[in-house]
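K.L.:
The structure under discussion is supplied below as structure tokens; questions concerning it will follow.
The values are calculated or read from the model by the stated rules, or taken from the named source; none is laboratory data. Since the model is a prediction, treat every value here as computed from it, not as a measurement. Cβ: placed from backbone, ideal geometry, glycine included. Neighbour counts: every protein chain shown.
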Amino acid sequence: MNDWLLILFCWLGVSVVMAILWVLQRIQGDSGVVDVAWGLGVGLISLVFAIFSDGDPTRRAIVASLAIAWALRLSGYILVRLFQLPEDGRYVTIKENWGDKAQANLFWFFQVQAFWAVLFALPMLMASRNPEPFPSVWDYVGLSIWVLAIAGESIADRQLARFRNDPSTKGEVCRDGLWNYSRHPNYFFEWIHWWGYVCFSVGAAFWWTTLLAPLAMLYFLFKVTGIPPTEAQCLKSRGEKYREYQRTTSAFVPWPPKTEQPS
């Protein structure tokens, strides 16, 4: 199938799903469902790309399997959190900022997520089109990055979940494990994960276009739906404790915390 038709087909399918989910969130009042759908959308689109591509069959199977495993882990984690916790603070803040236009803006926000699901699956398309025999050095590098990133993100998620489920930590700031070295270790390892698909693509025509995925993810984490609304909500709920956490702990890359000097 022509690449452009394949991309269009996937985009239309995810757009319809996002429109249905927008109605669902309007009824239930929790916009976090978009994150569940986004991850699963990327995974399923990656599978479609692998099936209809003509690159090395082993690499296609491995890349599709990794993308689906990533999607199931991420979306499953978010789905469990959706049932256990109130609406994600990021979306609470976003809707407060949008005011009366929140639902109209959310519809288009959901549609933009459909577009981004296709965009973030493009590295998997490039990897599935890669004609180079598997395995290459770049394949080993890509697999190593993927394993490291998923392990790091899983550990960070478990540490945060354990902290949240402990009644004695209510109103406190999580500094357990990786969270002592980064305010957002889950975001950091999620970003690292996208570099794995870049490596799998090396050897395909226009493989360098896959660099757009980690660059776009970095922009979203720092400027749109990642760090800014998350930290705005944390400052509301934890106040000075979180400000002190901001002053002493790296925002993104895990790094030894600073020691505050007495004033």
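K.L.:
Which condition breaks for residue 204 when tested against (1) aliphatic (A, V, I, L, M); (2) touching a helix residue (DSSP H, G or I) at 6+ places or on another chain (Cβ under 7 Å); (3) at pLDDT 90 or above; (4) farther than 14 Å from residue 55 by Cβ?
P.N.:
(4)
K.L.:
Is it the case, given these coordinates, that residue 208 is surrounded by 20 or more Cβ atoms within 10 Å (Cβ to Cβ) and either assigned to a helix (DSSP H, G or I) or within 20 Å of the chain's Cα centre (by Cα) (or both)? Even if it seems obvious, please write down each step before you answer.
P.N.:
Numbers: surrounded by 20 or more Cβ atoms within 10 Å (Cβ to Cβ): no; either assigned to a helix (DSSP H, G or I) or within 20 Å of the chain's Cα centre (by Cα) (or both): yes.
For residue 208, the condition - surrounded by 20 or more Cβ atoms within 10 Å (Cβ to Cβ) and either assigned to a helix (DSSP H, G or I) or within 20 Å of the chain's Cα centre (by Cα) (or both) - is not met.
K.L.:
Can I ask one more? Going by the conditions given, is residue 5 within 25 Å of residue 130 (Cα to Cα) and out of contact with any strand residue (DSSP E or B) (no Cβ under 9 Å at 6 or more places or on another chain)? Full working, then the answer.
P.N.:
Details: within 25 Å of residue 130 (Cα to Cα): yes; out of contact with any strand residue (DSSP E or B) (no Cβ under 9 Å at 6 or more places or on another chain): yes.
The answer is yes for residue 5.
K.L.:
Let me ask something else about it. Which of (1) out of contact with any helix residue (DSSP H, G or I) (no Cβ under 9 Å at 6 or more places or on another chain); (2) in contact (Cβ under 8 Å) with a residue 60 or more places away in the chain is the odd one out, the single condition residue 138 does not satisfy?
P.N.:
(1)
K.L.:
Sticking with this one: Within the stretch 175-190, identify whether any single residue is farther than 20 Å from residue 78 by Cβ, hydroxyl-bearing (Ser, Thr, Tyr) and surrounded by fewer than 15 Cβ atoms within 10 Å (Cβ to Cβ), and answer yes or no.
P.N.:
Taking every residue of the stretch 175-190 in turn, none turns out to be farther than 20 Å from residue 78 by Cβ, hydroxyl-bearing (Ser, Thr, Tyr) and surrounded by fewer than 15 Cβ atoms within 10 Å (Cβ to Cβ).
K.L.:
Considering 121, 151, 114, which residue is surrounded by fewer than 17 Cβ atoms within 10 Å (Cβ to Cβ) and either out of contact with any strand residue (DSSP E or B) (no Cβ under 8 Å at 6 or more places or on another chain) or under 28 Å from residue 259 (Cα atoms) (or both)? Reasoning before the result, please.
P.N.:
Values: 121 fails: surrounded by fewer than 17 Cβ atoms within 10 Å (Cβ to Cβ); 114 fails: surrounded by fewer than 17 Cβ atoms within 10 Å (Cβ to Cβ).
Just a single option satisfies the conditions, and that option is 151.
K.L.:
Is it fair to say residue 112 is in a helix (DSSP H, G or I), farther than 23 Å from residue 238 by Cα and within 15 Å of the chain's Cα centre (by Cα)? Please lay out each step first, then the result.
P.N.:
Values: in a helix (DSSP H, G or I): yes; farther than 23 Å from residue 238 by Cα: yes; within 15 Å of the chain's Cα centre (by Cα): yes.
For residue 112, the condition - in a helix (DSSP H, G or I), farther than 23 Å from residue 238 by Cα and within 15 Å of the chain's Cα centre (by Cα) - is met.
K.L.:
Out of (1) under 24 Å from residue 253 (Cα atoms); (2) free of Cβ contacts under 8 Å to residues at least 24 places away in the same chain; (3) part of a helix (DSSP H, G or I), what's the single condition that is false for residue 174?
P.N.:
For residue 174, the exception is condition (3).
K.L.:
Moving on to the next point. Within the stretch 48-77, how many residues turn out to be of a type in the set (Ser, Thr, Tyr) and touching a Leu at 6+ places or on another chain (Cβ under 8 Å)?
P.N.:
Of the stretch 48-77, the ones of a type in the set (Ser, Thr, Tyr) are 53, 58, 65, 75, 77.
Then keep just the ones that are touching a Leu at 6+ places or on another chain (Cβ under 8 Å); that gives 53, 75.
Residues that pass the stated criteria total 2.
K.L.:
Can you confirm whether residue 215 is closer than 27 Å to residue 136 by Cβ and surrounded by fewer than 20 Cβ atoms within 10 Å (Cβ to Cβ)?
P.N.:
Values: closer than 27 Å to residue 136 by Cβ: yes; surrounded by fewer than 20 Cβ atoms within 10 Å (Cβ to Cβ): yes.
The answer is yes for residue 215.
K.L.:
Could you identify the single residue in 151, 161, 156, 127 that is outside any loop (DSSP other than H, G, I, E, B) and at pLDDT below 95?
P.N.:
Working: 151 fails: at pLDDT below 95; 156 fails: at pLDDT below 95; 127 fails: at pLDDT below 95.
None of the others qualify; the one that does is 161.
K.L.:
Restricting attention to the stretch 130-148, report how many residues are in a helix (DSSP H, G or I) and loosely packed, with under 14 Cβ neighbours inside 10 Å.
P.N.:
Filtering the stretch 130-148 down to residues in a helix (DSSP H, G or I) leaves 137-148.
Cutting the leftovers down to loosely packed, with under 14 Cβ neighbours inside 10 Å gives us 137, 140, 144, 147.
Qualifying residue count for the region: 4.
K.L.:
Within the stretch 79-89, which residues are of a type in the set (A, V, I, L, M, F, W, C) and within 16 Å of residue 165 (Cβ to Cβ)? Steps first, please.
P.N.:
Taking the stretch 79-89 as the starting set, the residues that turn out to be of a type in the set (A, V, I, L, M, F, W, C) are 79-80, 82-83, 85.
Correct list: 80, 82, 83, 85.
K.L.:
For the stretch 164-178, which residues satisfy the criterion of being under 21 Å from the mean Cα position of the chain (by Cα) and at pLDDT below 95? Give the steps one after another, and end with the answer.
P.N.:
Within the stretch 164-178, the first condition is being under 21 Å from the mean Cα position of the chain (by Cα), and the residues that meet it are 164, 174, 177-178.
Of everything in the stretch 164-178, just one residue is under 21 Å from the mean Cα position of the chain (by Cα) and at pLDDT below 95, namely 164.
K.L.:
Right, something else. In the stretch 191-205, what residues are β-branched (Val, Ile, Thr) and crowded, with 23+ Cβ neighbours inside 10 Å? Break it down into steps so the answer makes sense when it comes.
P.N.:
Filtering the stretch 191-205 down to residues β-branched (Val, Ile, Thr) leaves 192, 198, 202.
Selection gives 198 alone.
K.L.:
Here are some conditions: (1) surrounded by fewer than 19 Cβ atoms within 10 Å (Cβ to Cβ); (2) farther than 22 Å from residue 135 by Cβ; (3) touching a helix residue (DSSP H, G or I) at 6+ places or on another chain (Cβ under 8 Å). Residue 229 meets all but one. Which one does it not meet?
P.N.:
Failing condition for residue 229: (1).
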